[in-house]
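**Student:** Questions regarding the structure given below will be posed in turn.
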């Protein structure tokens, strides 16, 4: 891909509650698909109060998040070393491979931009099942 431009309002919203293979049951826009991205993921997630992306980790992906609107409670860090933070519009957070992360909407609605790379099939893992050796190996690959 050389370049592409897309307006957020022109990207279809997918109701993931209708897609059994993909939790969580949120509304999401696949900006990456609309742009034809090959090397990274780009999603806009739409939340209602209490909805969340549960605490998980990825084996290979580094993820970056940005709050467009709303208030969120974050759970970040390896199992046993988690930190909880409350953030609002304009806040960024990131998690590297094998590092647990999750967020819950604590306002009436919320919207989060999520970027991830590399663009590989990298389903979420339970951070409680990740060893210190796996974390060290993922960090040495940086």
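The values are calculated or read from the model by the stated rules, or taken from the named source; none is laboratory data. Being a predicted model, the structure only gives us computed values, none of them experimental. Cβ atoms come from the backbone with ideal geometry, glycine included; neighbour counts cover every protein chain shown.
**Student:** Out of all the residues in segment 93-142, which are under 16 Å from residue 75 (Cβ atoms) and part of a strand (DSSP E or B)?
**Tutor:** The answer is 93, 94, 95, 101, 102, 103, 104, 105, 110, 112, 114, 125.
**Student:** Further question on the same structure: With respect to residue 99, determine if the residue is over 17 Å from the mean Cα position of the chain (by Cα) and surrounded by 12 or more Cβ atoms within 10 Å (Cβ to Cβ). Steps first, please.
**Tutor:** Numbers: over 17 Å from the mean Cα position of the chain (by Cα): no; surrounded by 12 or more Cβ atoms within 10 Å (Cβ to Cβ): yes.
Considered against the rule, which asks whether it is over 17 Å from the mean Cα position of the chain (by Cα) and surrounded by 12 or more Cβ atoms within 10 Å (Cβ to Cβ), residue 99 comes out as no.
**Student:** Just the residues that are touching a residue at least 60 places away in the same chain (Cβ under 8 Å) and assigned to a loop (DSSP other than H, G, I, E, B), please, taken from segment 17-69.
**Tutor:** 37, 38, 39, 40, 49, 58, 59, 60, 61
**Student:** Restricting attention to segment 44-67, which residues are surrounded by fewer than 20 Cβ atoms within 10 Å (Cβ to Cβ) and more than 12 Å from the chain's Cα centre (by Cα)?
**Tutor:** Answer for segment 44-67, where residues must be surrounded by fewer than 20 Cβ atoms within 10 Å (Cβ to Cβ) and more than 12 Å from the chain's Cα centre (by Cα): 48, 49, 50, 51, 59, 60.
**Student:** Checking the condition in contact with a helix residue (DSSP H, G or I) (Cβ under 6 Å, 6 or more places away or on another chain) and crowded, with 16+ Cβ neighbours inside 10 Å, which residue from 41, 35 passes?
**Tutor:** Only one candidate passes the filter, namely 41.
**Student:** Of everything in segment 73-96, what is within 13 Å of the chain's Cα centre (by Cα) and either over 19 Å from residue 133 (Cβ atoms) or touching a residue at least 40 places away in the same chain (Cβ under 8 Å) (or both)? Give them in sequence order.
**Tutor:** Scanning segment 73-96 gives 74, 75, 76, 92, 93, 94, 96.
**Student:** Please determine, by comparing only the residues of segment 115-124 that are crowded, with 16+ Cβ neighbours inside 10 Å and at pLDDT below 90, which one is nearest to residue 100 (Cα to Cα).
**Tutor:** 124
**Student:** Here's something else I'd like to know. What is the residue count in segment 5-32 for residues that are under 15 Å from residue 119 (Cβ atoms) and surrounded by fewer than 13 Cβ atoms within 10 Å (Cβ to Cβ)?
**Tutor:** 0
**Student:** I've got another one for you. Mind listing whichever residues of segment 1-22 are touching a helix residue (DSSP H, G or I) at 6+ places or on another chain (Cβ under 7 Å) and closer than 21 Å to residue 102 by Cβ?
**Tutor:** 22
**Student:** Go through the residues of segment 88-96 one by one and say whether even a single one is crowded, with 20+ Cβ neighbours inside 10 Å, within 23 Å of residue 8 (Cβ to Cβ) and either at pLDDT below 95 or in contact with a strand residue (DSSP E or B) (Cβ under 9 Å, 6 or more places away or on another chain) (or both).
**Tutor:** no
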